[in-house]
Every structure is written in structure tokens, then in C-alpha cells.
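Down below is the structure, laid out as C-alpha cells.
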Amino acid sequence: MLSAGSEQDLDTASPVSIKILIAGGFGAGKTTLVSSVSEIKPLRTEEVLSEPSVLVDALDGVEQKTTTTVAMDFGRITVRDDLVVYLFGTPGQHRFWFMWDELALGALGAVVMADTRRLADCFPSVDYFERRGLPFVVAVNCFDGARRFDPEVVRTALDLNQGVPVVMCDARQRSSSRDVLVTLVEYAIRLISDSEVMSH
Amino acid sequence: MRGDQWLDRDAGPVVRPYLLTGGRTRPTGDSVDLLALVSSADANSASEVLLEPEYVEVIRQCRQPKPVADLASDLDLPLGVVRILLSDMREQGLITIRPPARNRLTDPQVLKDVADALRRL
């Protein structure tokens with residue numbers, strides 16, 4: 001959808017914000033990765049947990065509802081004055097699933113942090129991004145003492161499509177976290193150019 | 001409702017921020033994207049004396065366009081509260097909110113620039 005000419009000019013002039021999600025199970029290293037590679041900032045969100053059956057969102061109903069606050073990992077990497085990469089750690093607990101759609105909207109892609117000691121913890125994230133068609137890479141956080149796995153073993157265990165990159169990382173290391181992000185951006189570029197080839 | 005239903009282990013105080021919003025939990029008008037740019041540059045020259053302190057702070061912080069997520073973090077207010085504040089302020093002509101420029105996200109050159117810049121980190 002293209003907007004009118006004047007807005008196009010505005011778009012070109014305004015900074016580009018790239019949004020990348022950092023997902024994965026609790027304790028898989030999401031916060032560590034965000035803080036090793038970016039300037040991390042506190043961000044709180046809160047949601048009203050309405051009953052699914054309640055369709056009308058009355059404005060006067062605050063006291064009828066349960067509101068919950070959750071802290072999110074939020075990091076920014078200023079690439080250039082006009083180009084900023086934002087990292088959003090997705091809340092791990094299932095009750096915060098409703099926030100994912102909003103976080104995923106307009107995102108370039110996602111990093112799914114995996115801990116081989118608890119690989120199953122990242123299944124929901126993998127499922128989510130596959131269903132949504134959002135490019136993602138799996139970053140296996142190599143914790144001290146964890147058995148080292150061949151990336152192909154992880155790929156098979158997670159039943160990933162062939163193209164999905166699986167990378168080993170140490171989220172504490174800036175260079176390692178950076179490489180994970182580079183892998184994701186390059187993968188997204190590949191998918192975009194593939195889809196352009198298909199459509200021509 | 002029992003008081004403890006408001007809170008759990010992860011929850012901070014949630015009632016006070018909603019005083020700012022008159023108890024509302026949803027913004028009016030178009031939804032406000034996390035990375036939408038808030039700008040007070042073209043704001044009506046309202047007398048700051050008459051405005052809520054939070055409004056004044058938003059106006060100060062957004063003289064240069066600022067993404068909603070950054071603003072919420074810097075104001076130390078939950079995102080939902082900030083969204084309601086912003087939609088109210090937009091209705092009053094105090095700020096403009098511009099959606100993020102998504103059409104350039106699929107521009108391979110922009111993404112190559114990002115990859116190159118990340119490699120240099």
C-alpha cells in the first residue's frame with residue numbers, strides 16, 4: 001500500500017526503525033542477549049485480561065477487570081542517525097501470548113533462544129513464528145556445562161524447515177550476539193529476494 | 001474484587017498510572033504502534049501551565065520525533081497508559097503520531113546497511 005506523494009517524502013526523510021523480537025523459554029538468555037548487544041532500557045507494559053467471552057470493552061469497567069503488568073526487555077542499537085534497530089524480548093509466560101501479535105506486527109524477524117537442557121521450552125516460539133510466517137533464526141545459547149550439540153541435531157529436534165538458520169552462541173558475548181542478529185538480517189534479505197524472484 | 005487480584009509476582013502498582021487516564025484502559029482513535037513516531041514539533045502553542053505534568057513532559061521529550069516505546073521507557077510509565085495519554089494529546093492537537101515507515105523494511109539495500117552496521121558493532 002503506497003501513500004500519497006507527500007507522505008512518501010516524509011517516509012524517506014524519517015528514520016527507519018527495524019524491530020527484532022527475541023523469544024525463547026524462561027532463562028534461555030533473552031535478557032543476556034539484549035543487554036550484551038544493545039543499550040537496554042526498562043519498558044513496562046500492562047494488559048487488561050478480559051474474559052474471552054466479553055466482547056464489549058466498556059470504558060467504565062476498570063474495576064471489573066484484572067490488569068497485569070509485565071516488564072519487557074527492550075534494547076536499541078543506533079545504526080545511523082536515520083536507522084535504529086529495536087530489540088524486544090517477548091514475555092515468556094503463556095498468559096502474555098496476546099502481546100506477541102502486536103510485537104510481531106511489522107517486525108523484521110525473530111531470534112528464538114534455545115537452551116539445549118530444556119529444548120522443549122522454545123517449541124511454542126518456533127510454532128508461533130512458523131505459523132505467522134515471520135523469519136526467525138534459532139540461537140542455541142551455549143551455557144557453561146551444557147552438552148554441545150550439532151546444529152543439525154537441534155534442527156531435527158525442533159523439526160525446523162531446511163532454510164531456518166541454527167547458530168550456536170554465547171549470549172554474554174557481544175560479538176556472538178551480534179553475529180546472531182547479522183544471521184537473522186541476512187536470512188531476511190534472502191527470503192525477500194527469493195520472494196521477489198518468485199513474483200516476477 | 002479482592003485487592004490481591006490486582007497484583008502478582010510480576011506486577012507493579014497498576015492502579016495509580018490509570019488515574020492519569022481517568023480509569024480508561026484503551027486509547028481512543030487509531031491504535032498507536034510501538035514504533036510510531038511522536039512529535040510535538042507542530043503542537044499548538046498551549047500554555048504549559050494549564051497542562052498535566054505528564055503532558056508537558058511528553059511535549060518536551062518529543063520536540064524531535066520519538067518512538068512510542070522509547071517514550072514509555074523514558075517516562076517510566078506502562079505502555080498502555082502512555083498510549084492513552086498520547087491519543088488524548090493527539091485529539092487536543094498537542095502532538096502528531098506518525099506510523100513507522102514499514103514500506104522500507106522490505107528494501108534489501110536498507111537491510112544490507114543494517115547487516116553491515118551490525119557487523120561493525
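We did not get these values from a lab; they are worked out from the coordinates using the rules stated. Just so we're clear, the structure is a prediction, and the values are computed from it rather than from any experiment. Here the Cβ positions follow ideal geometry from the backbone for every residue, glycine too, while neighbour counts run over all protein chains shown.
Worth pointing out:
- Karplus-based coupling profile of region B:81-95, in residue order and whole Hz: 5, 4, 4, 5, 4, 5, 5, 5, 5, 5, 4, 8, x, 7, 9, with θ = phi - 60° in 6.51 cos²θ - 1.76 cosθ + 1.60 and x standing for Gly or Pro.
- Pairwise label distance in nanometres, A:Arg80 with B:Val56, each label 7 Å out on the Cα-Cβ vector: 3.9 nm
- Potential lengthening of the chain between A:Phe26 and A:Leu191 amounts to 56.5 nm, from the contour at 0.36 nm per residue minus the alpha-carbon distance.
- For region A:159-191, backbone nitrogen atoms closer than 14 Å to the point 7 Å from A:Arg148 Cα along Cα-to-C-beta are found at A:168-170.
- Distance between the modelled labels on B:Leu75 and A:Ala157, one decimal in nanometres: 4.4 nm (7 Å Cα→Cβ projection).
- Here the spin labels are modelled as points 7 Å beyond Cα on the Cα-Cβ line, and at B:Glu91 and A:Ala71 they lie 3.3 nm apart.
- Amide H contacts under 5 Å for A:Thr90, placed H, 5+ residues apart: A:Ile22, A:Ala23
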